[in-house]
Amino acid sequence: MSKLEDALKIIRSLGLPSGQHNERSALSLLALANIGPDDPWSRARQPLLRIWDIMAFMREQYGKDYAANSRETIRRYTIHQFEQARIVDRNPDQPSRPTNSGKTVYSLTQDVMPVVKTFGTRNFDQRVEEFISCFGRLQEQYAKQRKMEQVRLHLPEGTEIALSPGKHNELQVAVIEEFGPRFAPGSRILYFGDTARKHIIRDTQTLLALNVRVTEHDKLPDVVLYAKRKQWLFLVEAVTSHGPVNPKRHSEIEKMLAACPAHRVYVTAFLNRADFRKYAGDIAWETEVWIADAADHMIHFNGPKFLGPFKTRQ
């Protein structure tokens, strides 16, 4: 087993998240322990190293020459997590040193040294258990934090769904909980896509009855609502960074729904007016705009009527 494989096993055993299960993190641990390709782990030490020193060790001992601009990547996506997991101390020689100081150094903690030094021995597993009993697993802490940050969607029938955190899902929830009751009362949710898990709600049976065939490659809008009494299909794009209902998008969806008998109402939703202003020039005519921070109002882009389907141009 190579030293890189050894280091990765230590990282996994200590409960680091998957984002640190990589060569960059393994090499960083080796540098911090001052373990070369032929050194036994029992000789691990605690040198004070700057990020530059860590990169130099990688290059000299393991032939891995990271570009100079990789320094921030190593700091943000390896060393930062090592600190959180109590594997590394920052500036143990001078804790008051400013974070952005060019003299900032890192060193393995006294707590992790028994784990590192016993790797490959029968005592390793016990040392890992002792470390985790004191400090926990960072991957579990991240999972708890992410669960707390989840966006909650409350469906009309009382069901609650946990969504991945982010502004896009916050806006989609507002479409269901604020736009729907105001402008599409009694409508049924046919489609709702989570930014991390693709389809959260997909009423395949009703979509098929409307001649809408959904596959992983179809590009339905973010939220699709169906008002059966009026035979209206609300096609809502939730825009936080890109993707309003512009003429091109309008044409694409119309083509996809060519066999659908329901009348279409196109809506572009924004969190606030500042976001709307960025895309106002791209909105297709004969569509609607809804802004979450002014939930009682709609902006109508021309046409002979307000909030309703328009006949497809021939």
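Only the coordinates and a few stated rules stand behind these numbers; no lab work does. Note that the coordinates shown come from a computational prediction; the quantities given were computed from them, not determined experimentally. Cβ sites come from the backbone with ideal geometry, for glycine too, and all protein chains shown count toward neighbours.
When DSSP beta bridges are restricted to pairs lying wholly in the stretch 150-300, around 60% turn out antiparallel.
Shown for W285, W41: other C-beta atoms within 10 Å of each C-beta, ranked fewest to most, produce the order W285, W41. Exposed loop sites here are GluC sites (Glu not before Pro) assigned a DSSP state other than H, G, I, E or B and surrounded by at most 10 other beta carbons within 10 Å; excluding them, the longest clear run of the chain is 1-156. Shape annotation for the chain: C-alpha extents along the principal axes are 79, 38, 34 Å, from largest to smallest. The order of H297, H250, H263, going from fewest to most other C-beta atoms within 10 Å of their C-beta, is H297, H263, H250. Across the stretch 3-145, the mean sequence separation of Cα contacts (distance under 8 Å, 6 or more residues apart), normalised by length, yields a relative contact order of 29 percent.
Between 0 and 90 degrees, the angle of helix 138-149 with respect to the longest Cα principal axis of the chain falls at about 20 degrees. Against the longest principal axis of the chain, how steep is helix 51-62, in degrees 0 to 90 to the nearest 10, with axes from Cα atoms? For 51-62 against the chain, the angle is about 70 degrees.
Across the stretch 150-300, how large is the tail of the calculated P(r) beyond 26 Å, expressed as a percent of all Cα pairs? The partial results should precede the final answer.
Details: 2034 of 11325 pairs.
I get 18 percent for the Cα pairs in the stretch 150-300 exceeding 26 Å.
For the chain, excluding the exposed loop sites themselves (trypsin sites (Lys or Arg not before Pro), DSSP loop, at most 13 other Cβ atoms within 10 Å), the longest remaining stretch covers 1-102. What dipole magnitude, in Debye to the nearest 20, does the stretch 150-300 give about its Cα centre under +1 on Lys/Arg Cβ and -1 on Asp/Glu Cβ? Using only the charged Cβ atoms, the result is roughly 300 debye. Counting 0.36 nm for each residue step from E23 to A67 and taking away their Cα separation leaves a gain of 14.4 nm. Per residue, the chain reaches -9500 deg cm²/dmol at 222 nm when only DSSP H runs of four or more residues are counted, each adding -39500 (n - 2.57). Taking every DSSP bridge with both residues inside the chain, close to 65 percent are antiparallel. Taking the empirical scaling 2.2 N^0.38 Å for compact globular proteins as reference, the stretch 3-145 has a Cα radius of gyration ratio of 0.98.
In the stretch 237-293, the ratio of gyration radius to Kirkwood radius, Rg to Rh, stands at 1.00 when only Cα atoms are counted.
The C-alpha atoms of the chain define a longest principal axis, and helix 124-135 lies at about 60 degrees to it. Backbone phi angles across the stretch 243-255, fed through the Karplus curve with coefficients 6.51, -1.76 and 1.60 (θ = phi - 60°), yield HN-Hα couplings of x, x, 7, 8, x, 5, 5, 4, 5, 4, 5, 4, 5 Hz in residue order; Gly and Pro are listed as x. Working from Cα pairs under 8 Å separated by at least six residues, relative contact order for the chain is 11 percent.
Coupling constants for the stretch 273-288 follow from the phi torsions by the Karplus curve (6.51 cos²θ - 1.76 cosθ + 1.60, θ = phi - 60°), and in residue order they are 6, 4, 5, 4, 4, 5, 10, 4, x, 9, 5, 6, 5, 6, 10, 10 Hz; glycine and proline get x.
Cross-link partners of K103 among aspartates and glutamates, defined as those whose alpha carbon lies under 12 angstrom from its own and excluding same-chain residues fewer than eight positions apart: D53, D93. Here the residues T78, T121, T240, ranked from fewest to most Cβ neighbours within 10 Å of their Cβ, fall in the order T121, T240, T78.
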